[in-house]
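Nothing in this text is a laboratory measurement; each read-out follows from the coordinates by a stated rule. Given the structure is predicted, the values throughout are model-derived calculations rather than measurements. All Cβ positions, glycine included, derive from the backbone under ideal geometry; neighbour counts span all protein chains shown.
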C-alpha cells in the first residue's frame with residue numbers, strides 16, 4: 001500500500017516524465033503541443049489519458065451536459081469511425097452511455113491496457129509505449145477530422 005502522498009508523488013512523477021518524453025514530438029501540423037493537456041478546440045470534447053494500479057486508458061471523451069448534443073457528437077464520431085480506426089491502426093471500444101466518478105454522464109471512445117500499474121516504475125515503459133503512439137495518432141486524426149465537427153460548436 002502507498003500513502004496518499006506517495007500516490008500523488010508517483011502519479012505526478014509519471015505524468016511529468018511522460019510530458020518530458022513527449023515534449024520534442026511535434027504535432028501532426030508541426031507545432032509544439034502540450035500532449036498531457038491536449039486541446040481539441042471543442043468545448044466538452046477531450047482526449048484523456050488515465051492510469052492507476054490496475055489499468056491505463058486513453059480516450060476521446062464527450063462530456064457535454066446536454067444529452068442530445070452529446071449524442072450528436074457521438075454520432076458524428078461514428079460517421080468517421082473508419083477513418084479513426086484506420087489512423088489509430090486498431091479498433092477502439094465505443095461507449096455511448098457511461099458515468100464518471102461523480103455520476104455525471106458522458107460518452108467515450110477508448111483503448112485500455114491491463115494489467116499495468118502506474119505506481120510501479122517498472123511499468124512506466126509499457127505505459128509510455130501504450131500512450132505515445134495512440135496520442136500521436138489521435139492528433140493526426142484530429143488534424144483532419146476536427147472540421148467535421150464545426151457545425152456542432
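Computed quantities for the displayed model
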{"quantity": "Test: residue in segment 97-105 that is assigned to a strand (DSSP E or B), in contact with a helix residue (DSSP H, G or I) (Cβ under 8 Å, 6 or more places away or on another chain) and more than 17 Å from residue 121 (Cα to Cα)", "calculated": "yes"}
{"quantity": "Residue satisfying condition, being within 12 Å of residue 119 (Cα to Cα) and touching a strand residue (DSSP E or B) at 6+ places or on another chain (Cβ under 8 Å), within set 51, 63", "calculated": "51"}
{"quantity": "Residue identified as farther than 23 Å from residue 132 by Cβ and in contact with a helix residue (DSSP H, G or I) (Cβ under 8 Å, 6 or more places away or on another chain) among 47, 77, 18, 73", "calculated": "73"}
{"quantity": "Residue count for segment 45-62, restricted to those that are outside any strand (DSSP E or B) and under 13 Å from the mean Cα position of the chain (by Cα)", "calculated": "0"}
